[in-house]
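Any read-out appearing in this document is the output of simple, stated calculations on the displayed coordinates, not a laboratory observation. Small disclaimer: the values here were computed from a predicted structure and weren't measured. Cβ sites come from the backbone with ideal geometry, for glycine too, and all protein chains shown count toward neighbours.
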C-alpha cells in the first residue's frame, strides 16, 4: 500500500502532464501536425551551440574521473564562483561561491529551501495564479499553503490582502516573475512595497519571514523591462534559478539557490540548504552540465523566436475576441474563458485539437494557460481551430 500522503499526490497528479499525454494520443489519431498542443512549457528553441561546444571541450580537456565524480553537495567551487561573478556584474550584488548552492533545477532548489526553513504547520504565502507544484512542495514538508489572489486586470499581487494574511505562522512568501502562467513581470514598485510590508511584519512578529524568488524565466523578457533582483530590496531573500528556459536545458536539470550574506544566520542557512541537497536525494547537481555552465553565462536562447510566437498568437486571440493580459515575459498566455468554466472550455477546445491547461490548475479558475513555446508553424496552422472555437463560444460570427 502506498502512503496516505502519496495517495493524495497521485490523485492530484499534474493536469499539465495529463494534457501533454492527451496530445500524444491525439497525434496518433490525427497526425502530429494537426494537433495544436499548447499544454507543456517545454522549450522548442534549441540550446545555444555554445552549450554543446562547452560539453565537448570539457570531455576532451578535463580529467574524466574529476568530471564524472562526486564534488561538494553544494557543487564545484570554481563553477559557483564564476556564476557569482556573473550575477554581481549584472545586478551589482556582492556574492561569492559560498552564497551559491548548485541544484537539480529550480524544482530542487525550491525543495531544499523549503526543507531548510519549514516546521510543521508553518504557512507559505503564494500569489494566484501560481505554478501548481508549489502546493506539493510546501505540503511535502508539512507546510500550509496560503493563497492570495491577484488583480485580474494586471495579475499583480493584491498587497492589501497579502498584508492582512501575514501572521505568526507565516514563514515564507514565494514569488515567480516573469510569471508562470500569466507572463507578467512584477515591477520594482511592487517588490519595494511587498518588501516594506514584510519588513514591518518581521518587526511586529519578531521572527524572519523569507522571500523566495522563483526565477526560471528571468532572461525571457520581451520589452525593455527590468526584473528586480530581490536580494537588493529584502535581506531575508532566497533566489532560486534554473537554466531550463534561459539555455533551453529543461532535461539537464541544472540551477542554483542564492543565499545572501544579509539573510539572518546566513552561514547556518547555507549549511542547511547544502545538507538538504543531500537529504532529499539529489546529493549534488549533475557534474558535467555544472562544468559547462561557466562557458555559457553570457549566452542566451533565441528570445526573438518566442517574441515572434507571442505576437502571432496574441494577434490570433485578438482577432477572435478572446480576453488576455499581454505577457511581458516567459512563454505563456493566460486567457479568460468566455463561459467561466475553464475545464469545460478545455474540453470544448479539444474538439478542435487545441490543448490548453485549465486555470484551476494554477488556483485561478475561469482562465486557461496557453504555452507558446511551440513551432511558429503550429501557431499558424492553429488559426482555423481558434476561429471555430471562438464561433462555438459565440465570440465571433463567420
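The table below gives the values:
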{"read-out": "Among 241, 130, 97, residue whose mean-square fluctuation peaks in a GNM of the chain (springs only between Cα atoms under 10 Å)", "value": "97"}
{"read-out": "Between helix 77-91 and the chain: long-axis angle, C-alpha atoms, 0 to 90°, nearest 10", "value": "60 degrees"}
{"read-out": "Dimensions (Å) - region 182-251, Cα atoms, principal axes, largest first", "value": "43, 27, 21"}
{"read-out": "Fewest-first ranking of 56, 289, using other Cβ atoms within 10 Å as the exposure measure", "value": "56, 289"}
{"read-out": "Modelled FRET efficiency - R0 51 Å, residue 336 with residue 92, Cβ distances, 0.05 increments", "value": "0.85"}
{"read-out": "Modelled FRET efficiency - R0 41 Å, residue 395 with residue 140, Cβ distances, 0.05 increments", "value": "0.50"}
{"read-out": "Amide N proximity, region 350-393 versus residue 32 label position 7 Å along Cα-to-Cβ, cut-off under 13 Å", "value": "375, 378"}
{"read-out": "Contour excess over end-to-end distance, with Cα ends at residue 49 and residue 268 and 0.36 nm allotted per residue", "value": "74.9 nm"}
{"read-out": "The chain: angle of helix 303-319 to the longest principal axis, Cα-based, in degrees nearest 10", "value": "40 degrees"}
{"read-out": "Cα-based shape type of region 343-398, given that a ≥ b ≥ c are square roots of the gyration tensor eigenvalues and the cut on a/c is 1.5", "value": "oblate"}
{"read-out": "On Cα atoms only, tilt of 188-205 relative to the major axis of the chain in degrees", "value": "50 degrees"}
{"read-out": "Average Cα contact separation per residue, region 329-398, under 8 Å, 6 or more apart, as relative contact order %", "value": "34 percent"}
{"read-out": "Over the chain: Kirkwood hydrodynamic radius from C-alpha pairwise inverse distances, Å", "value": "22.0 Å"}
